[in-house]
Amino acid sequence: MKTVVFLCLVAFALSAADQNARIVNYQSGIEEDGSYAAQYETTNGIRAQEDGISYPGNIPESGNYVRSGSYSYEWEGVTYTVNWTADENGFHPEGDHLPDFSHTREHIGDVEDHE
């Protein structure tokens, strides 16, 4: 469910300039081990895919998702692509058009360093 909501939000945000955009391909699946994969493509050139797995915690309503994916879109004749990961340490996007924040994790450390 969270995957569908996330993908819909990305599609909505990126297609705000094109009110007539439609989804032309959507595929998703959830496996018994808790892993999933989803992808979609729209008529205005937006593409996204993501996959992940849920790792249950030791107590109810705890645990973690480890997710990765990418999305791309066209703007003024240029295609922008963002590859990302998301885990217990946050959301980590990378793209040629984005600043490099790789040094930030080294500076602030991981979640375990602050617990």
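Among strands (runs of 3 or more DSSP E) lying entirely in region 26-97, which contain 2 or more residues that are of a type in the set (S, T, N, Q)?
36-42, 47-56, 63-75, 78-87
Within region 15-42, which residues are within 27 Å of residue 79 (Cα to Cα), open to solvent by 30 Å² or more (accessible area, probe 1.4 Å) and among the β-branched types (Val, Ile, Thr)?
23, 24
Suppose we filter region 48-69 for residues that are open to solvent by 50 Å² or more (accessible area, probe 1.4 Å) and modelled with pLDDT of 95 or more; how many remain?
Total satisfying the criteria: 2.
Does residue 45 count as touching a Ser or Thr at 6+ places or on another chain (Cβ under 9 Å) and either surrounded by fewer than 17 Cβ atoms within 10 Å (Cβ to Cβ) or more than 24 Å from residue 29 (Cβ to Cβ) (or both)?
For residue 45, the condition - touching a Ser or Thr at 6+ places or on another chain (Cβ under 9 Å) and either surrounded by fewer than 17 Cβ atoms within 10 Å (Cβ to Cβ) or more than 24 Å from residue 29 (Cβ to Cβ) (or both) - is met.
Here is a list of conditions, (1) among the polar types (S, T, N, Q); (2) surrounded by 14 or more Cβ atoms within 10 Å (Cβ to Cβ); (3) modelled with pLDDT of 85 or more, and residue 89 meets all of them except one; can you say which number that is?
Tallying (1) among the polar types (S, T, N, Q); (2) surrounded by 14 or more Cβ atoms within 10 Å (Cβ to Cβ); (3) modelled with pLDDT of 85 or more, residue 89 fails exactly one: (3).
The values are calculated or read from the model by the stated rules, or taken from the named source; none is laboratory data. Note that the structure is a prediction, hence the values are computed from the model and not measured. Cβ coordinates were reconstructed from backbone atoms using ideal geometry, including for glycine residues, and neighbour counts include every protein chain displayed. The area values use the complete protein model at the heavy-atom level, side chains included, leaving out ligands, DNA and RNA. Shrake-Rupley method; radii C 1.70, N 1.55, O 1.52, S 1.80 Å.
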